[in-house]
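Please read the structure below before turning to the comments.
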Amino acid sequence: MQNKIDQYAAEIKAFATAKADELEAFRIKFLGTKGIIKDLFEEFKTVGPEEKRTFGKVLNEFKKLAETKYNELKETQNSELTTQNSDLDLTLPGDGFNVGSRHPLSLVRNEIIDIFKRLGFVVAEGPEIEDDWHNFSALNFPEEHPARDMQDTFFIKKNNGKDDIALRTHTSSVQVRMMEHGKPPFRAIMPGRVYRNEAISARAHCFFHQVEGLYVDENVSFADLKQTLYHFVQELYGEGTKVRFRPSYFPFTEPSAEMDVSCTICGGSGCNMCKYSGWVEILGCGMVDPNVLENCGIDSNKFTGFAFGMGMERIANLKYVIRDLRLFSENDSRFLKQFTAEML
Ligand code: DAH
């Protein structure tokens, strides 16, 4: 055994290389899990107790010799690699790495939130799976009333034979939750995803995003609604953007209106986007119907309020001209990386 060790030790001492593969072969030969040192330690187990003392020491020193040699050579190789190895061109540009970008809908949502926060609105959220009460009944949609068909609903559960649990069709349900659980005044915006049972196409999708707004206090008037939304539009689309209100109908507001803005693409002179009318609709709004306030336990003689709701995809489209709604949910990075906050 001593002879063998002496021979190997001489081999190790004489060993030198600048090549990574040769050094690796050296490591495997001596220090590997099936290497010479492992074998010697196996052999060591079989020697008598007398020899064990001397060989134990010899063997350990031998192992240290191999390890030191290996570490030294590795060290020199590493430093040579970084300075002078001809295979390595340190002047080459590094690998690029991809910086993520915000989804256009996130940009729009953040922008809307920012504007309303500056007006003192808080942000609230509610569940996407809703019951009939919060999505419809409390919002003054009478049972069997045709207004329920304004929104094609994904019902997911019946209660006593009646459709009860659904994927919310609008974020107006969050208004109800907010008013039920608090006391006026309320000043909140409520962004979130909504669902409708629609065939998916360039112009319709079975899910999309809305932002709801609610302002309830004493003496809130339609003038407050108009001024708030007017300010919002100036901030979002720039000073000088015109607005107009058209009478409309929603069960939960009375009176109700739809708001148009002067076309954000052509400025009102007429283009594809506004169908050459100069105006584009961006949201529905109105004074909260007293029935809704009462349904939520709020005294409608003392309090009044306004509400509004808008589609985020629509708002994004009027910024970025996105012709196909499906792009918003396909997560094609070629689409997504085109948007920056500055574009908004
Ligand atoms: N919930 C309506 C929809 O999804 C949008 C809406 C209209 C919300 C008028 C409102 C409102 O709060 O006052 O079509």
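The values are calculated or read from the model by the stated rules, or taken from the named source; none is laboratory data. Quantities reported herein were computed from a predicted structural model and do not represent experimental measurements. Note: ideal-geometry Cβ built from the backbone for every residue, glycine included; neighbour counts use all protein chains shown.
So is residue 14 free of Cβ contacts under 8 Å to residues at least 12 places away in the same chain and within 30 Å of residue 88 (Cβ to Cβ) or not?
Yes: the conditions hold for residue 14.
Just to be sure, is residue 125 of a type in the set (Asp, Glu), outside any helix (DSSP H, G or I) and at pLDDT 90 or above?
Judged against the criteria, residue 125 is a match.
Please go through region 171-192 and give me each residue that is more than 11 Å from residue 126 (Cβ to Cβ) and in contact with a strand residue (DSSP E or B) (Cβ under 9 Å, 6 or more places away or on another chain), ordered by number.
Hits for region 171-192 are 179, 184, 185, 186, 187, 189.
Looking at (1) within 16 Å of the ligand (Cβ to nearest atom); (2) touching a helix residue (DSSP H, G or I) at 6+ places or on another chain (Cβ under 7 Å); (3) without any contact (Cβ under 8 Å) to a residue 24 or more places away in the chain, which is the one condition that is false for residue 251?
Among (1) within 16 Å of the ligand (Cβ to nearest atom); (2) touching a helix residue (DSSP H, G or I) at 6+ places or on another chain (Cβ under 7 Å); (3) without any contact (Cβ under 8 Å) to a residue 24 or more places away in the chain, residue 251 violates only (3).
Run down 181, 205, 170 and say which single residue is in the same structural domain as residue 118 (by TED's automatic domain parsing) and more than 16 Å from the ligand (Cβ to nearest atom).
That would be 181, the only listed residue that is in the same structural domain as residue 118 (by TED's automatic domain parsing) and more than 16 Å from the ligand (Cβ to nearest atom).
When residue 286 is evaluated against the numbered criteria (1) within 14 Å of the ligand (Cβ to nearest atom); (2) more than 30 Å from residue 182 (Cβ to Cβ); (3) not polar (S, T, N, Q), which criterion, by number, is the only one it fails?
Failing condition for residue 286: (2).
With a cut-off of at least 3 residues that are without any contact (Cβ under 8 Å) to a residue 40 or more places away in the chain and within 30 Å of residue 320 (Cβ to Cβ), name the helices (runs of 4 or more DSSP H) lying wholly within region 20-118.
Counting at least 3 such residues, we get 104-118.
Just checking, does region 281-301 include any residue being buried (at least 20 other Cβ atoms within 10 Å of the Cβ), in contact with a Cys (Cβ under 8 Å, 6 or more places away or on another chain) and assigned to a strand (DSSP E or B)?
No, region 281-301 contains no residue that is buried (at least 20 other Cβ atoms within 10 Å of the Cβ), in contact with a Cys (Cβ under 8 Å, 6 or more places away or on another chain) and assigned to a strand (DSSP E or B).
For region 299-340, what are the residues that are within 16 Å of the ligand (Cβ to nearest atom), hydrophobic (A, V, I, L, M, F, W, C) and within 21 Å of residue 271 (Cα to Cα)?
Those that are within 16 Å of the ligand (Cβ to nearest atom), hydrophobic (A, V, I, L, M, F, W, C) and within 21 Å of residue 271 (Cα to Cα): 315, 325.
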